[in-house]
Amino acid sequence: MEMPKPNSFVLANKPKLIDRLIKALGMDAVISDIEETRAYECDALTAYRCPPMAVVLPASTQEVSLALRICYEEGVPVVPRGSGTSLAGGALPTEDAIVLGVSRLNNVIETDYENRFIRVQSGRTNLSVTGAVEEEGFFYAPDPSSQLACAIAGNIAMNSGGAHCLKYGVTTNNLLGVKMVMMNGEIVEIGGTQLGISGLDLLGVICGSEGQLGVVTEATLRILAKPQGARPILMGFDSNEVAGACVSDIIESGILPVAIEFMDRPCIEACENFAKAGYPMVEALLIVEVEGSDREIDFQLAKIAEIASAHNPVELRESKSTTESAAIWAGRKAAFGAMGQINDYMCLDGTIPVSQLPYVLKRIGEMSKEFGLDVANVFHAGDGNMHPLILFDANKPGDLEVCEAFGAEILKLCVEVGGCLTGEHGVGIEKRDLMHTQYAPADLTAQMRVKDVFDPKWLLNPSKVFPLDVTESHRLQ
Amino acid sequence: MTPRNEGELAGILKDAAAQGTRLRIKGGGTRTGLGNQVTSNTVVEASALEGISLYEPGALTIVAKAGTPLSEIENTLSEAGQMLPFEPTDHSGLFGHTDGVPTIGGVVAVNASGPRRLQAGACRDALIGVRFVDGTGEIIKNGGRVMKNVTGYDLVKLMAGSYGTLGVLTEVSFKVLPKPETAVTLQIEGLDSKKAQSAMSAAMKTPFDVTGAAHVQSNGNSTTSVRLEGFHASVTYRARELKSVMDRFGRTEVTDQADIWQRLRRFSYMPDSGEIWQISAKPTDSPTILDRVSAYVADYTMDWSGGLLTFSVPQGRDVRADIGGYPAQVVCLRGNARAFHEQPLPLAQIEAGLRGKFDPSNILNPGIMG
């Protein structure tokens, strides 16, 4: 992955910049020692690392504003960072950039159950948002797998999803407003506690803009009353085609499950060896979860079982208790850990139309042979968001490159069948150079116009999302 | 002008940009009264860009050309037991007789979202892909036909509710939902706005998945309504549970015959003439906002659990001045006042900047958003 050549003027100006930042924010908020900046050299895409010039950790929106203003005046690129859990390299620094971390901004500002929202500082972790409201019977719906660690700031930047999007939507559907600092230090408030919008939907384009339009310091989030209960059913099938058809039939029946998870045979085997969840050894496994009162759940699970029965399942296991539910989820939740134990892996994130599932899995199987790397599929089947895990050996020279080439082919396939490169992880640097496969030049230009307006000097996270060749004239003006 | 396809539309817009011809963009023409008046006699109609391009019930996805009548989409979905989640509002009753019918492009252009917006999100939330031609004649696509997609910036949301000022929509894709088997409405008569709002908030705090909460004050009567939808057995159960919550606020009736939701969608509680205003605020603020205009507002609807007030106002009242400093979006839906809420300066500058990029010659519905 190529990153732009660092700007030598910026590098030479480092002492002055650090001096100004320390004067404005204090010693505690600025890290410039090379050893200490290493803690920020990468995010969860660990194959790529680069220590930044410095790290600033502001303690307030006002301090974020001061820091950005200084960087703006000095022409220094800024890489915003939440908790650094991006799988796409969204928080990867460059040598000539400042990392601006929001981890100290983690307070709850306001909870309002009558109007069902919570206002938090953006460094707060996803799970602790729910933690702040669950005693009152509420929760925050988007639930990325990294929810224990990931920050709301990063969720907004990547428009994060999770396993329960089919019913509750992704971050953008649960975000009511933000306080954001523009690159020039100006503080703006967009959206709020009301649902109506006057004017252009700026909040809609800020969510998912990967930290390129501004630094969000506060967020107003929709919270929902927790359902009375939830239970899954596990179903095993002897082919991916049949499992895919079953997913369509469930959706067409009028049931809206909160989650439909799909695992293929390599994934089932790995999870079984690792977590001993008692999964049947079948070609495809579905875990479908529904919510409601006990009787409502029974009713929906019975209906799902009836639909599945028409597809001759090898196994049908309806959970009747929290213990049984935990057993069904145990393997799925261990999927990534299981893979990690076998080997290094790369987790992809393309989305496909659900109807293309059998074809895509067949093609991935064929490509796996061509590239000589194993792949296991775990997949949010309800919304078509795939997570193929390609296994490789990081210590074997050339294996990462083969893995990346294989991953790129899978993502191109996703686009070819009508889907997209990334469903919830974001583009970052990982998919940056594949953007041409999904978007024509005019489509990319249209998106970059938005950045031109919000950040005319292209200082915020500038080498992400768009291929470097198309951003060059914007970055080096 | 009625382009027959996207390419023709692109040609028309390119020419208009070169000549500085200001254009009014029209779908079915049933919402032309919304927004500020557009000073142009050259109309570009989307009516020939018509037809459903793709519908996959098993993937909850529909894609249609922007000029497709809304009714065609709703009928197609209904035949497969599905629906648009956001219950699009129908403005035709507000602006008198037109010979056109609402189009799906028009729905998107004004982000027309009805009572279910409260639970299922707005039009912009269900919208997952767009194709449009911008003010330079460039054809642009964003998003696609899958519901989970974070590839690049989300221009889909930006296009929803942009009133044609960033581009002329040619195709739109939606995430759809199963149509509920049953709907029942729990109703309480005679509550004042504050008690009604509290009752609705109480309902929204339950886990029973309320899909509509509205209070209507009309001709001296008031009705507070809360809707439950889903499978019959489940709705029956939840209605019983929710009734015990609602009974605390007043005697609660359960009916499956309520027409309130259809009437709200069509603004049929509003008079045939006169100014109509809409205020979106934090639900618990709405009763106080109503107090501030009580000198001239008797009848009103309060949808979205209180989050959306709609009422008629005698000519010439400055509603914005009267409600004072509430953080609300105040819109003049029908009338001569400035249509939209004024945005604070930095946001207004960003909006102007975006319009300048997408429509540098200022030819697309100029001035409609202020």
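Restricting the range A:252-316 to trypsin sites (Lys or Arg not before Pro) that sit in a DSSP loop and have at most 14 other Cβ atoms within 10 Å of their own Cβ leaves A:K276. Its relative contact order, with pairs defined as Cα atoms under 8 Å and 6+ residues apart, puts chain B at 20 percent. Buried surface for the B/A pair, taken as the accessible area of each chain alone minus that of the pair with a 1.4 Å probe, is close to 6600 Å² in total.
Using a 1.4 Å probe and counting only protein heavy atoms, arrange A:D96, A:D469 so the residue with the most accessible area comes first.
A:D469, A:D96
Surface composition of the range A:241-280: carbon plus sulfur atoms hold 47% of the accessible area, using a 1.4 angstrom probe and ignoring ligands, DNA and RNA. For the range A:447-469 versus the range A:148-165, the spacing of their alpha-carbon centroids is 22 Å. Placing a pseudo-label 7 Å from each Cα along the Cα-to-Cβ vector at B:T255 and A:S309 gives an inter-label distance of 4.0 nm.
Per residue, the accessible area of the range A:346-477 comes to 31 Å² when a 1.4 Å probe rolls over the protein heavy atoms. Spin-label model, A:D238 to A:T323: label points 7 Å out along the Cα-to-beta-carbon direction sit 3.3 nm apart. My understanding is that a pair violates if its Cα-Cα distance is over 30 Å; which of B:K26/B:K357; A:K167/A:K320; A:K457/B:K282; A:K167/B:K243 do that in this structure? Result: A:K457/B:K282 exceed 30 Å. Accessible area per residue was computed with a 1.4 Å probe on protein heavy atoms; A:H474 scores about 40 Å². The overall shape of the range B:1-102, judged from the alpha-carbon gyration tensor, is oblate: a/c is not under 1.5, and a/b is no greater than b/c. The range A:186-262 and the range A:1-71 have Cα centres lying 33 Å from one another. Of all DSSP bridge pairs formed entirely within chain B, close to 90 percent run antiparallel.
Each label point was placed 7 Å from the Cα along the Cα-to-Cβ direction; for B:T2 and B:K179 their separation is 2.9 nm. Protein heavy-atom surface of chain B, 1.4 angstrom probe: 46% of the accessible area is carbon and sulfur, with nucleic acids and ligands not counted. The slack in the chain from B:L345 to B:K14, taken as 0.36 nm per residue of separation less the alpha-carbon distance, amounts to 116.1 nm. In the range A:284-317, the residues whose accessible area drops by at least 50 square angstrom when the other protein chains are added to the isolated chain are A:E296, A:F299; the probe is 1.4 Å and only protein heavy atoms count. Restricting the trypsin sites (Lys or Arg not before Pro) of the range B:312-370 to loop positions (DSSP other than H, G, I, E, B) with no more than 14 neighbouring Cβ atoms within 10 Å leaves B:R338. Measuring between their Cα centroids, the range B:1-61 and the range B:117-167 lie 15 Å from each other. Classify chain A as rounded, prolate or oblate, taking a ≥ b ≥ c as the square roots of the eigenvalues of its Cα gyration tensor: rounded when a/c is under 1.5, otherwise prolate if a/b is larger than b/c and oblate if not. In terms of gyration-tensor shape, prolate. Rounded, prolate or oblate: which one fits the protein assembly as shown, using the alpha carbon gyration tensor with axes a ≥ b ≥ c (rounded when a/c is under 1.5, else prolate when a/b beats b/c, else oblate)? Judged from the Cα gyration tensor, the protein assembly as shown comes out rounded (a/c under 1.5).
The values are calculated or read from the model by the stated rules, or taken from the named source; none is laboratory data. Note that the coordinates shown come from a computational prediction; the quantities given were computed from them, not determined experimentally. Ideal geometry is used to build each Cβ from the backbone, glycine not excepted, and the neighbour counts take in all protein chains shown. The area values use the complete protein model at the heavy-atom level, side chains included, leaving out ligands, DNA and RNA. Shrake-Rupley method; radii C 1.70, N 1.55, O 1.52, S 1.80 Å.
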